[in-house]
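The values are calculated or read from the model by the stated rules, or taken from the named source; none is laboratory data. For clarity, every value in this text was computed on a predicted model and none was experimentally measured. Note: ideal-geometry Cβ built from the backbone for every residue, glycine included; neighbour counts use all protein chains shown.
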(Lines give C-alpha, C1' and ligand atoms only; values in the text may rest on other atoms or scores of the structure.)
Protein backbone atom coordinates (compact mmCIF):
# COMPACT_ATOMS: atom_id res chain seq x y z
CA UNK A 1 0.00 0.00 0.00
CA UNK A 2 1.47 3.36 -0.95
CA UNK A 3 1.86 6.02 1.77
CA UNK A 4 -0.77 8.32 0.28
CA UNK A 5 -3.41 5.59 0.36
CA UNK A 6 -2.32 4.63 3.86
CA UNK A 7 -2.75 8.12 5.34
CA UNK A 8 -6.05 8.73 3.56
CA UNK A 9 -7.82 5.70 5.03
CA UNK A 10 -10.69 6.60 7.37
CA UNK A 11 -9.45 7.17 10.89
CA UNK A 12 -5.77 7.18 9.85
CA UNK A 13 -3.56 10.12 9.02
CA UNK A 14 -4.74 13.17 7.15
CA UNK A 15 -8.28 14.15 6.19
CA UNK A 16 -9.07 13.16 2.60
CA UNK A 17 -9.08 16.77 1.38
CA UNK A 18 -5.46 17.20 2.54
CA UNK A 19 -4.04 14.13 0.83
CA UNK A 20 -1.79 15.36 -1.97
CA UNK A 21 -2.34 13.83 -5.40
CA UNK A 22 0.56 11.75 -6.68
CA UNK A 23 0.89 9.38 -9.61
CA UNK A 24 3.88 7.49 -8.30
CA UNK A 25 4.33 4.92 -5.58
CA UNK A 26 6.75 6.83 -3.34
CA UNK A 27 7.07 7.90 0.26
CA UNK A 28 7.92 11.55 -0.30
CA UNK A 29 6.14 14.62 -1.65
CA UNK A 30 7.33 17.74 -3.43
CA UNK A 31 6.32 21.30 -2.47
CA UNK A 32 3.97 21.65 -5.46
CA UNK A 33 1.95 18.60 -4.34
CA UNK A 34 1.68 19.93 -0.79
CA UNK A 35 0.67 23.36 -2.12
CA UNK A 36 -2.09 21.77 -4.19
CA UNK A 37 -3.35 19.73 -1.24
CA UNK A 38 -3.35 22.74 1.10
CA UNK A 39 -4.73 25.11 -1.57
CA UNK A 40 -1.83 27.49 -1.18
CA UNK A 41 1.09 28.72 -3.26
CA UNK A 42 4.27 26.67 -3.55
CA UNK A 43 6.24 29.65 -2.13
CA UNK A 44 4.25 29.29 1.09
CA UNK A 45 5.34 25.65 1.32
CA UNK A 46 8.96 26.74 0.77
CA UNK A 47 8.53 29.26 3.60
CA UNK A 48 7.20 26.44 5.84
CA UNK A 49 10.33 24.46 4.99
CA UNK A 50 12.76 27.32 5.61
CA UNK A 51 11.20 29.31 8.45
CA UNK A 52 8.24 27.33 9.76
CA UNK A 53 4.95 28.61 11.09
CA UNK A 54 3.85 29.81 14.52
CA UNK A 55 1.52 27.37 16.26
CA UNK A 56 0.40 26.57 19.80
CA UNK A 57 1.82 23.63 21.74
CA UNK A 58 -0.07 21.38 24.18
CA UNK A 59 0.26 24.00 26.93
CA UNK A 60 -1.05 26.81 24.75
CA UNK A 61 2.36 28.46 24.32
CA UNK A 62 3.38 29.80 20.93
CA UNK A 63 6.05 27.75 19.23
CA UNK A 64 7.68 27.60 15.80
CA UNK A 65 6.90 24.46 13.77
CA UNK A 66 8.91 23.73 10.61
CA UNK A 67 7.90 21.40 7.82
CA UNK A 68 10.79 18.94 7.72
CA UNK A 69 12.22 17.96 4.38
CA UNK A 70 15.46 17.17 2.59
CA UNK A 71 16.94 19.12 -0.27
CA UNK A 72 18.33 16.73 -2.89
CA UNK A 73 19.93 18.21 -5.98
CA UNK A 74 18.38 21.59 -5.26
CA UNK A 75 14.85 20.16 -4.95
CA UNK A 76 12.87 19.59 -1.77
CA UNK A 77 11.61 16.11 -0.86
CA UNK A 78 9.22 15.93 2.09
CA UNK A 79 8.51 12.53 3.68
CA UNK A 80 4.76 11.85 3.92
CA UNK A 81 5.09 11.19 7.66
CA UNK A 82 6.75 14.58 8.19
CA UNK A 83 3.98 16.35 6.25
CA UNK A 84 1.36 14.55 8.33
CA UNK A 85 3.14 15.56 11.55
CA UNK A 86 3.32 19.18 10.36
CA UNK A 87 -0.41 19.28 9.59
CA UNK A 88 -1.26 17.80 12.96
CA UNK A 89 1.02 20.19 14.85
CA UNK A 90 -0.26 23.30 13.08
CA UNK A 91 -3.94 22.47 12.96
CA UNK A 92 -4.41 21.44 16.58
CA UNK A 93 -5.21 17.84 15.71
CA UNK A 94 -2.07 16.74 17.53
CA UNK A 95 -3.33 17.77 20.94
CA UNK A 96 -6.62 16.80 22.53
CA UNK A 97 -8.72 19.69 23.68
CA UNK A 98 -8.36 20.26 27.39
CA UNK A 99 -11.52 19.80 29.40
CA UNK A 100 -12.50 22.97 31.18
CA UNK A 101 -13.08 22.89 34.90
CA UNK A 102 -16.68 23.59 35.89
CA UNK A 103 -17.31 27.17 36.90
CA UNK A 104 -17.61 28.04 40.56
CA UNK A 105 -21.22 28.42 41.68
CA UNK A 106 -22.43 31.54 43.45
CA UNK A 107 -22.75 29.65 46.75
CA UNK A 108 -19.18 28.29 46.45
CA UNK A 109 -17.89 31.78 45.72
CA UNK A 110 -19.63 33.23 48.80
CA UNK A 111 -18.10 30.53 51.02
CA UNK A 112 -14.63 31.17 49.56
CA UNK A 113 -14.94 34.95 50.05
CA UNK A 114 -16.19 34.50 53.63
CA UNK A 115 -13.17 32.30 54.47
CA UNK A 116 -10.81 34.88 52.98
CA UNK A 117 -12.42 37.66 55.01
CA UNK A 118 -12.11 35.57 58.19
CA UNK A 119 -8.38 35.03 57.57
CA UNK A 120 -7.84 38.72 56.90
CA UNK A 121 -9.75 39.66 60.07
CA UNK A 122 -7.71 37.13 62.12
CA UNK A 123 -4.51 38.77 60.89
CA UNK A 124 -5.81 42.22 61.81
CA UNK A 125 -5.89 43.42 58.23
CA UNK A 126 -9.57 44.41 58.35
CA UNK A 127 -10.75 47.22 60.56
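Could you list, ordered by first residue, the pairs with Cβ atoms under 9 Å in which the first is in region 96-121 and over 20 Å from residue 59 (Cα atoms) and the second is assigned to a loop (DSSP other than H, G, I, E, B) and at pLDDT below 85, at least 6 apart or interchain?
Matching pairs, first to second residue: 112/104; 117/126; 119/125; 120/126.
Could you grab me the full set of residues in region 41-68 that are surrounded by 14 or more Cβ atoms within 10 Å (Cβ to Cβ) and more than 18 Å from the chain's Cα centre (by Cα)?
42, 46
With the condition kept exactly as written, say whether any residue in region 94-107 is at pLDDT below 90, touching a strand residue (DSSP E or B) at 6+ places or on another chain (Cβ under 8 Å), surrounded by 11 or more Cβ atoms within 10 Å (Cβ to Cβ) and closer than 21 Å to residue 29 by Cβ.
no
Quick one: would you say residue 32 is modelled with pLDDT of 85 or more and surrounded by 12 or more Cβ atoms within 10 Å (Cβ to Cβ)?
yes
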